[in-house]
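Notes for the one structure printed next.
The values are calculated or read from the model by the stated rules, or taken from the named source; none is laboratory data. Please read all numbers here as calculations on a predicted model, not as lab measurements. Here the Cβ positions follow ideal geometry from the backbone for every residue, glycine too, while neighbour counts run over all protein chains shown. Note: areas computed on protein heavy atoms with side chains; ligands, DNA, RNA excluded. Shrake-Rupley method; radii C 1.70, N 1.55, O 1.52, S 1.80 Å.
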Amino acid sequence: MVHIYRLLYALFVLILFTLFGCKEHDKKLTSEKELPSKPIGLKQNYKDDFFIGAAVNDALIEKRDSLGLELLKTEFNSITPENIMKWMHIHPGKGVYDFSLPDAYVDLGERYQLFTVGHTLVWHSQLAEWVTEVKDSTELKEVMEDHINTIVGRYKGKIDSWDVVNEALKEDGSLRESVFYELAGEKYLEWAFELAAEADPEAQLTYNDYNLTNPEKRAGAISIVKQLKDKGLKIDVVGMQGHWNLKGPSLEEIEESILAYHKAGVKVAITELDITVLPYPWDLEGAEVSQNFEGSEFMNPYPESLPDSVQRELADRYQSIFKLFLKHKDKIDRVTFWGINDGSSWLNGWPIKNRTNYPLLFDRSYRPKDAYKSVLALKN
Ligand code: XIL
């Protein structure tokens, strides 16, 4: 009798083993199969091509945006501060500096081992009010010396690349009449680059601007590069901001520009990439840019979600742009998105307030969009 029980028990164990043992084996096989054959994440996939960066806002720097931080860790290997290093924030009064957030930003870069960008030293916009009261070129030079020595000196060896001068050009390629230009003429460009190179000889130095694919403005940027190089000054990169849309600039214009900057002896970085899917006021025939479009349904066509057809169009546009970047990866140092995800993009508030835009690779819930997949697909 006891034998029969033993036999039954042994049978029972055998059945269990066969059932669950096999399951376990199957499970292993499936999960092995499911493992991606290629590395995941943008930064891993593009690691042999160029840095993949993102602009980071206060919430991210102060670690209040945990989902954003997660994405930063897995997808990106470079950061740019969206606002906190701009003159009005970092140097709000003459000789008065506020380094609290910039220090936290640089810490973030060090902790996550990111290629860390400084944005930006000399720019007419988001400037501190007091700088507009500078009287003459002598005082301007002193102010610039203090500004650049203090900031670049503080982060020597920690900021890998500086946007030394931002948006110095007008659309026709001539220099903008900023407070810097009014007081010192084109000399201020030389001062800025010379001071930055002295304060941190190892840092990469960039001239950064928008619409740099337009032939006239491109010629202007190239003449800045020439002017600096002729004076024996260091300029390493032209930063094409890359605030683009679904149609323009054309791939030909982007390619011609990459080639032209390369020929001028600098690297190219795409420093502020985003692709708006919303109409611009200046695209409308006869529209006054200053007109108030806030609340206009026509100007804010997708307040709830992006239609599939536009989602696809955005994905295709991103894919063709990245295909071009890959073709010229030997000339391109970095591609930085202007924000982590759609919800935090400045394009929800500019040039018209309170719109719902979809310009980046991650949606409002931090999920990858079709555009993300189309950019990754180029590497798989
Ligand atoms: C933008 C920021 O994204 C906004 O938050 C801010 O209100 C205005 O500036 N060119 C630049 C960036 O060089 O610094 C700008 O950033 C976008 C245009």
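Worth pointing out:
- Counting DSSP beta bridges with both ends in the chain, the antiparallel % (nearest 5): 10 percent
- FRET E, pair residue 304, residue 138, Förster distance 56 Å, beta-carbon r, rounded to 0.05: 0.50
- Modelled spin-label separation between residue 229 and residue 172, with each label point placed 7 Å from Cα along the Cα-to-Cβ direction: 2.6 nm.
- If a spin label sat at a point 7 angstrom from the Cα of residue 74 along the line to its beta carbon, no backbone N atom of region 304-339 would be nearer than 16 Å.
- Here the 3J(HN,Hα) profile of region 190-198, calculated from phi with Karplus coefficients 6.51, -1.76 and 1.60 at θ = phi - 60°, is 5, 4, 4, 5, 5, 4, 5, 5, 5 Hz, Gly and Pro shown as x.
- Members of 156/217; 158/187; 217/247; 86/187 lying beyond 30 Å, as alpha-carbon distances in this model show: 156/217
- Relative contact order %, region 292-380, counting alpha carbon pairs below 8 Å whose residues are six or more apart: 37 percent
- Long-range HN-HN contacts of residue 267 with modeled amide H, under 5 Å: 237, 238
- Here the extension length gained between residue 262 and residue 40 equals 76.9 nm, from 0.36 nm per residue of separation less the Cα-Cα distance.
- Net charge, residue 305 excluded, C-beta distance under 10 Å - Lys, Arg +1, Asp, Glu -1: -2
- Electrostatic tally near residue 69: other residues with Cβ closer than 14 Å to its Cβ, Lys and Arg +1, Asp and Glu -1, net -2.
- Shown in residue order for region 211-223 are the 3J(HN,Hα) couplings computed by the Karplus curve 6.51 cos²θ - 1.76 cosθ + 1.60 at θ = phi - 60°: 6, 7, 8, 6, x, 5, 5, 4, 4, x, 5, 5, 6 Hz (x for Gly and Pro).
- Across the chain, the mean sequence separation of Cα contacts (distance under 8 Å, 6 or more residues apart), normalised by length, yields a relative contact order of 15 percent.
- A 1.4 Å probe run over the protein chains yields, for region 44-377, 42 Å² of accessible area per residue, whole-number rounding.
- Of interest is the spacing of the C-alpha centroids, which for region 36-83 and region 308-328 amounts to 19 Å.
- The amide H of residue 336, built 1.01 Å from its N in the peptide plane, has 53, 270, 271, 272, 273 as neighbours under 5 Å, considering only residues 5 or more places off or on other chains.
- Phi to ³J(HN,Hα) by Karplus 6.51 cos²θ - 1.76 cosθ + 1.60 over region 147-164, Hz, x for Gly, Pro: 4, 6, 4, 5, 6, 5, x, 4, 9, 3, x, 10, 8, 7, 8, 10, 7, 6
- The label-point distance for residue 67 and residue 251, in a model that sets each label 7 Å from Cα toward Cβ, rounds to 3.3 nm.
- Long-range amide H partners of residue 115 with built H, under 5 Å: 78, 79
- If R0 is taken as 30 Å, the Cβ-Cβ distance between residue 94 and residue 283 corresponds to a FRET efficiency of 0.15.
- Look at the dipole of the chain built from charges on Cβ: of 78, 243, 88, the Cα furthest out on the positive end belongs to 78.
- Summed side-chain charge close to residue 210 - residues other than residue 210 whose Cβ falls under 14 Å, Lys, Arg +1, Asp, Glu -1: -4
- Largest accessible area first, the residues 115, 337 order themselves as 115, 337 under a 1.4 Å probe with ligands, DNA and RNA left out.
- Here the spin labels are modelled as points 7 Å beyond Cα on the Cα-Cβ line, and at residue 316 and residue 126 they lie 3.4 nm apart.
- CD proxy at 222 nm, helix term only [per DSSP H run n ≥ 4: -39500 (n - 2.57); per residue of the chain; nearest 500]: -12500 deg cm²/dmol
- Links that overshoot a 25 Å alpha carbon limit, given the list 229/327; 323/373; 353/373: 229/327; 353/373
- Additional length obtainable on full extension of the chain from residue 323 to residue 58, 0.36 nm per residue less Cα span: 92.2 nm
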